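I have placed the structure first, in the form of C-alpha cells, so that the comments after it can refer back to it.
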C-alpha cells in the first residue's frame, strides 16, 4: 500500500512537471490573433511603427518558445511573459487605433479644405485677370489646367469615402500644389500685363 | 578550498556567447525593416530558420557547465547565417534600387512628355482640353512621386498608369485639333495656294501677304521675295477653317484686301474679302450636312489688325501695333492675302506633332 502511494505521488509530480513544460499554445494563438486583428483594423497603415514593433515582439516571443521547446527541461515562463506583453500591447494599440485613424481622417479633410481653398483662390485670380493683350491665350490654357485640378479634386472625396485617408491626404496635397501652380502662373500673366501698361 | 578553485577555474574558462549572435539578430531586424518579408518571404523564412537553429545550439551550449561549453560550431553556423543574410540584404536593396530606378525612369519619361505637350499647346489657342488632361496627368505623377518616397511601388505604378492615360487623352485632344495639319492633301492644297500667291507677286512685282497658321507668321513678299515676317495671333479656334459666324475660327483661302482702316477697333486694320466663292460653297455644303448651328450666317468682317499677337481674336489675324504699322504701309486695296494652315511640311512644329503618339 505504501509503495502504491509513492507511485501515485510520483505520477502526479511528473504530470505537474509535464504540464508546466507544455507549450503555451493558447497564448501563442491569442497573440497571433491579436496581431492579425490590429492589422485588419488598419494598424499597418495608421500606426506603422507600433505595428512593426508588435510584430517583432511576437516574433521574439515565438523564438523564445522555440528555443525552450528544444530543451529537455523546458521553461516557458519568459515566453509567456513576452506573449502576454504582445497581447497587452496589441490591445492597447487596437484601443488607440480609432483615434489615430480619426487623426488621419481629420488631416485628410483639412488638406482637402486647403486644396479647395487653393482652387477657389486660383479661380478668383483667373476671373479677375485682365483678358487683354498678351494674356488671353495664356489664361485660356490656365483655365484648362485649373479644370484638370478641379476634376482631380473629386478623387480626394472618393478616397475619403473609401476610408483610405492616407491616399486622400496624398491626393489633396497634389491638387493643392497644382492649384498653387496655376495661381502663380495667373499672377505672372497679370504682372506681365502690368508690365506692358508701364 | 579545492571546490573554490574549481569554481574559479570554471568561471574563468566560461566562453562568451559569440558576438555573431547579436549581429545576426540585428541583421534579422534590418531585413524585416527593408521589407524582405514582402519581396522574398521564403528566403527570409529560411534565414530565420537557420538563425533559430544556430540560437538553439547556443541555448544547448549554455545549458552545459561553463567549462564544457563550446560555441565554436554555433559561431560557425551564425557566420554562415550572417553571410546568407548579407547576400539577401544586398539582393533586396538592389531589387528595390532597380524598382526605384525603373519607376523613376518611367515617371521622368512621362513628366518629359507632359512638358513637351504643354510646350506644344503654346502653338494653338484650342489648348484648354489638352491642358485639362495634362493637369490631371501632372497630379497623378505627383501622387506617384509621394508613393515612391514611401516605397509603395504597386500603388505608385497604378498612379503612373493613370497619368499615362491622361497623357494619351491630351495627345488625342491635340490630334483632334491638328488632324488636318497631318493630312497630305490639305498640305498640298495649302502649298499650291502659297506658290500661286508668291508667283503672282513675282510676275507682277507686287506685294502679297502669306499667313501660315501653324507657324503663326505673316510673311510679306515683294516681287516674289520675302521682305518681312511678323508674328501673329489667331481666333480662339484659329487653327480651324472658318465656316460660319461666331465659330471664332480663322478662314483659309486666297483673299484680297478690300479696305484699309487707319483707326479701327484694334488699331490699324485691313479688311479682307471673306467670304469668297469657295467659302460660300463650303458654307452651303456644311449647311446641307447640318453642320451649321441654328440660324448662323457665314460671317464676315475678317481683318488683319493691330492690338497684339497674343490676344484671342474672333477669327481675325492680330499683330503687334508696331508690326501692323509696317504691314499697313505695305498693303494696298487689292493686295493678295493668302491664309494657309502650313506652308512647309518640314517645319519644326509638324515634326514635333509627328513625335506624338496620336491616331487620326
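The values are calculated or read from the model by the stated rules, or taken from the named source; none is laboratory data. The structure presented is a predicted model; accordingly, all values stated were derived computationally and were not measured. Glycine gets a Cβ as well: all are built from the backbone with ideal geometry, and neighbour counts include every protein chain shown.
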Query raised in the report: Can you name the residue in the range B:39-57 that is without any contact (Cβ under 8 Å) to a residue 12 or more places away in the chain and within 12 Å of another protein chain (Cβ to nearest Cβ) and is also nearest to the chain's Cα centre (by Cα) among such residues?
Result: B:45
Query raised in the report: Restricted to the range B:122-133, and to residues that are farther than 10 Å from residue A:145 by Cβ and modelled with pLDDT under 85, which residue is nearest to the other protein chains (Cβ to nearest Cβ)?
Result: B:125
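Let's see how each residue does on (1) away from chain A (no Cβ under 14 Å); (2) buried (at least 22 other Cβ atoms within 10 Å of the Cβ); (3) in contact (Cβ under 8 Å) with a residue 40 or more places away in the chain; (4) at negative phi:
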site: B:252; (1), (2), (3), (4): yes, yes, yes, yes
site: B:265; (1), (2), (3), (4): no, no, yes, yes
site: B:268; (1), (2), (3), (4): yes, yes, yes, yes
site: B:274; (1), (2), (3), (4): yes, yes, no, yes
site: B:278; (1), (2), (3), (4): yes, no, no, yes
site: B:313; (1), (2), (3), (4): no, yes, yes, yes
site: B:316; (1), (2), (3), (4): no, yes, yes, yes
Requested in this report: Look through B:171, B:196 and report the one residue that is more than 14 Å from chain A (Cβ to nearest Cβ), assigned to a helix (DSSP H, G or I) and surrounded by fewer than 18 Cβ atoms within 10 Å (Cβ to Cβ).
Outcome: B:196
Requested in this report: Go through the range A:90-130 and give me each residue that's within 14 Å of chain B (Cβ to nearest Cβ), over 31 Å from the mean Cα position of the chain (by Cα) and either within 25 Å of residue B:170 (Cα to Cα) or part of a helix (DSSP H, G or I) (or both).
Outcome: A:122, A:123, A:126
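Per-residue answers, yes or no, for (1) outside the structural domain of residue A:31 (by TED's automatic domain parsing); (2) within 30 Å of residue A:32 (Cα to Cα); (3) surrounded by fewer than 16 Cβ atoms within 10 Å (Cβ to Cβ); (4) touching a helix residue (DSSP H, G or I) at 6+ places or on another chain (Cβ under 8 Å):
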{"residue": "A:91", "(1), (2), (3), (4)": "no, yes, yes, yes"}
{"residue": "A:110", "(1), (2), (3), (4)": "yes, no, yes, no"}
{"residue": "A:120", "(1), (2), (3), (4)": "yes, no, yes, no"}
{"residue": "A:123", "(1), (2), (3), (4)": "yes, no, no, yes"}
{"residue": "A:129", "(1), (2), (3), (4)": "yes, no, no, yes"}
{"residue": "A:162", "(1), (2), (3), (4)": "yes, yes, yes, no"}
{"residue": "A:167", "(1), (2), (3), (4)": "yes, yes, no, yes"}
{"residue": "A:174", "(1), (2), (3), (4)": "yes, no, no, yes"}
{"residue": "A:186", "(1), (2), (3), (4)": "yes, no, no, yes"}
Query raised in the report: In the set B:146, B:160, which member is surrounded by 19 or more Cβ atoms within 10 Å (Cβ to Cβ) and facing chain A (nearest Cβ under 8 Å)?
Result: B:146
Query raised in the report: Can you tell me how many residues in the range B:105-121 are under 11 Å from the mean Cα position of the chain (by Cα), more than 9 Å from every other protein chain (Cβ to nearest Cβ) and touching a residue at least 12 places away in the same chain (Cβ under 8 Å)?
Result: 8
Report summary line: Residue count, the range B:177-193, condition within 14 Å of chain A (Cβ to nearest Cβ) and surrounded by fewer than 19 Cβ atoms within 10 Å (Cβ to Cβ), comes to 0
Query raised in the report: Looking at the range B:278-297, is at least one residue assigned to a strand (DSSP E or B), at pLDDT below 95, in contact with a strand residue (DSSP E or B) (Cβ under 8 Å, 6 or more places away or on another chain) and farther than 20 Å from residue B:176 by Cα?
Result: no
Query - Meets criteria (away from chain B (no Cβ under 14 Å), in a helix (DSSP H, G or I), modelled with pLDDT under 95 and surrounded by fewer than 20 Cβ atoms within 10 Å (Cβ to Cβ)) for residue A:80 - result: yes
Query raised in the report: How many of the residues making up the range B:67-106 are surrounded by 15 or more Cβ atoms within 10 Å (Cβ to Cβ) and more than 30 Å from residue B:143 (Cα to Cα)?
Result: 12
**Report entry** the range B:30-66 - residue that is out of contact with any helix residue (DSSP H, G or I) (no Cβ under 8 Å at 6 or more places or on another chain) and in a loop (DSSP other than H, G, I, E, B) and, of those, surrounded by the fewest Cβ atoms within 10 Å (Cβ to Cβ)
**Finding:** B:64
Requested in this report: Mind listing whichever residues of the range B:58-104 are without any contact (Cβ under 8 Å) to a residue 24 or more places away in the chain and closer than 25 Å to residue B:40 by Cβ?
Outcome: B:76, B:83, B:87, B:90, B:94, B:97, B:98, B:101, B:102
Query raised in the report: Across the range A:31-52, what is the number of residues that are modelled with pLDDT of 90 or more, surrounded by fewer than 21 Cβ atoms within 10 Å (Cβ to Cβ) and within 25 Å of residue B:53 (Cα to Cα)?
Result: 1
